[in-house]
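Below: the structure, in structure tokens.
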Amino acid sequence: MNAIFITGTDTDIGKTHVSIGLLNRFNKSGYSTFGMKPIASGCEKNIAGKLVNQDALALQAISSIERAYHHVNPIAFADPIAPHLASQKNGVNLSVDWVAEVISKSIAESADINIIEGVGGWSVPLNNHELFADVIAMLKVPTILVVGIKLGCINHAILTSRSIIEMQVPFLGWIANCIEPDQQFSEDNIRALSSWLPGPCLGVFQYGLSPYHANIEMTYFSSVVNGNKHVK
């Protein structure tokens, strides 16, 4: 599986924003890409009466490989609640084995890189005894942590990165997503995170700027790209 998993220190922290930036950067570097969000809550019905998620639609739009929506977002729930609660409400039995199978079937084998966006934070439950993180640990997908730069982010980032490593998931590094306008405050937090987190800072997404203009350090991704290609 030639993929990168995008997780976050919390929900609404900018995972989709970062995923779009990464897909765009890979596209511009000449690689074929596919982005997916295996589980999405807060979906709405489209004109065909099918549940769709705005984040998943954004990933579908930026991917260089065109695939049907059910590959981009195979598990969709209407209610904007945690997936284990949404699945219980809808009579769906989420499990690590099933979600891992869904991801394996949905990714584009022809893509140079697949970006898999998580739901919520790293330790979001699938059911009463399994986490979405257990799926990523089973598949051993190299992971990037999106850190929403705000008060409390250092604590959240340290705890999350330690959990990723303890679960023996390859930790590529982290990306700072500046979600608040105080630039000085953001820079201070990024410097502190650089000292505390075990992996490199792969990029900084500045507040208010389009993900297409993010500063991303691509050299760290060469080990994840197919074949003998080198990231430009």
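What the table below lists for this structure:
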quantity	calculated
Helix-only mean residue ellipticity at 222 nm for the chain, each DSSP H run of n ≥ 4 adding -39500 (n - 2.57), per residue, nearest 500	-10500 deg cm²/dmol
Max mean-square fluctuation residue, GNM over the chain, Cα-Cα springs under 10 Å, options ASP97, ASP79, ASP112	ASP97
Share, in percent, of DSSP beta bridges within the chain that are antiparallel, nearest 5	15 percent
Accessible surface, 1.4 Å probe, highest first, among residues GLU101, GLU117, GLU166	GLU166, GLU101, GLU117
Given LYS45/LYS140; LYS50/LYS105; LYS45/LYS150; LYS28/LYS50, the pairs whose alpha carbons are separated by over 24 Å	LYS45/LYS140; LYS45/LYS150; LYS28/LYS50
Tensor-based shape of region 55-198 (alpha-carbon gyration tensor, a/c under 1.5 rounded, otherwise prolate or oblate)	prolate
Sequence of PHE132, PHE171, PHE185 when ordered by accessible area, the most exposed leading, probe 1.4 angstrom	PHE185, PHE171, PHE132
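The values are calculated or read from the model by the stated rules, or taken from the named source; none is laboratory data. As the structure is a prediction and not an experimental result, all values here were calculated from the model. For the accessible areas, the whole protein counts, side chains as well, though only heavy atoms, and no ligand, DNA or RNA atoms are used. Shrake-Rupley method; radii C 1.70, N 1.55, O 1.52, S 1.80 Å.
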